[in-house]
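Okay, so here's the structure we're looking at.
The values are calculated or read from the model by the stated rules, or taken from the named source; none is laboratory data. Fair warning: this is a prediction, and the values are worked out from it, not measured in the lab. Backbone-built Cβ (ideal geometry, glycine too); neighbour counts: all protein chains shown. For the accessible areas, the whole protein counts, side chains as well, though only heavy atoms, and no ligand, DNA or RNA atoms are used. Shrake-Rupley method; radii C 1.70, N 1.55, O 1.52, S 1.80 Å.
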Amino acid sequence: MPAKILLILVLASLAGCATITPSGPNHLTSSAATQSAQLAQQKAELAERHLAAIAGQRATAERQFCPNWQQALLHARNNAIGCAQMPINAQSACWQAVAQWTNEESQYFHALHPLFTHSPYAEPARHATHFFDLAQSWAMTCEDGGAACTQASGHQQMDQEKKQVNQFCMHQ
C-alpha cells in the first residue's frame, strides 16, 4: 500500500507540473499579443482625444468665423479709406502696410481650411481667403498711386467673394 501512495504522490506531483505555464515560444507570443492589444487600445484612446480636441477647435472656429470676417472686412474698408485720404507722399507706405495686413488675414482664413474640411464653413473660408488675396494684390497696385489704384482690376471679383461670405454669414 505504501507503494500505491507513493505512486499517487508522484502522479499528483507530475500533474501539478503539467499546470505550470511554459516559458517557451507560446508564452512569448501570448505576451506579445497582449502588449500589442494594449498598445492598440492606447492609440485608439489617443486618437479619440485628438478627434475630440479637433471637434472643439472646429466648433470654436465656426462660432468666431463670421464675427472675425465682419471685423476684418470693416478693418479693410477703414484701411483703404485711410490710405486714400493720406497725403500723396505717405500713401505708398500706407498701402504697403495694408498689403501686409491683408496677407496676414489671407493666411488666417487659409489656415481654417483643414479645420473646416467637410464643414459648411469650408467654402466661405475659401472665399474669404480669396478675397484677402485679391485685396492684397489691389493694395500692392495702389502703392503706385491713386490712378493705378482706381484702374486696378479685381474689384468685381473681390465684390463677388465678399458677397459669398456675407450671404453665408447672414444665415448663421
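Of the listed requirements (1) exposed (fewer than 11 other Cβ atoms within 10 Å of the Cβ); (2) over 27 Å from Thr150 (Cα atoms), Ser31 misses just one: (1). When the stretch 105-117 is filtered for residues that are open to solvent by less than 80 Å² (accessible area, probe 1.4 Å) and not aliphatic (A, V, I, L, M), the ones remaining, listed by number, are Glu105, Ser106, Tyr108, Phe109, His113, Phe116, Thr117. Scanning the stretch 118-133 for residues that are open to solvent by 60 Å² or more (accessible area, probe 1.4 Å) and within 21 Å of His50 (Cα to Cα) yields a single hit, His118. Selection of helices (runs of 4 or more DSSP H) fully inside the stretch 112-172 by the criterion of at least 1 residues being at pLDDT 95 or above and under 29 Å from the mean Cα position of the chain (by Cα) returns 122-142, 155-170.
Thr102 meets all of the listed conditions (1) among the hydroxyl-bearing types (Ser, Thr, Tyr); (2) open to solvent by less than 40 Å² (accessible area, probe 1.4 Å); (3) in a helix (DSSP H, G or I); (4) modelled with pLDDT under 95 but one, namely (4). Would a scan of the stretch 59-74 turn up a residue that is within 25 Å of Phe132 (Cα to Cα), touching an Asp or Glu at 6+ places or on another chain (Cβ under 7 Å) and among the hydrophobic types (A, V, I, L, M, F, W, C)? Yes: the stretch 59-74 contains one or more residues that are within 25 Å of Phe132 (Cα to Cα), touching an Asp or Glu at 6+ places or on another chain (Cβ under 7 Å) and among the hydrophobic types (A, V, I, L, M, F, W, C).
Take the conditions (1) of a type outside the set (Phe, Trp, Tyr); (2) touching a residue at least 60 places away in the same chain (Cβ under 8 Å); (3) surrounded by 15 or more Cβ atoms within 10 Å (Cβ to Cβ); Gln70 misses just one of them, which is (3).
The number of residues in the stretch 134-167 being in contact with an Asp or Glu (Cβ under 9 Å, 6 or more places away or on another chain) and open to solvent by 60 Å² or more (accessible area, probe 1.4 Å) comes to 1. Filtering the stretch 73-89 for residues that are of a type in the set (A, V, I, L, M, F, W, C), touching a residue at least 40 places away in the same chain (Cβ under 8 Å) and within 23 Å of His171 (Cβ to Cβ) leaves a non-empty set.
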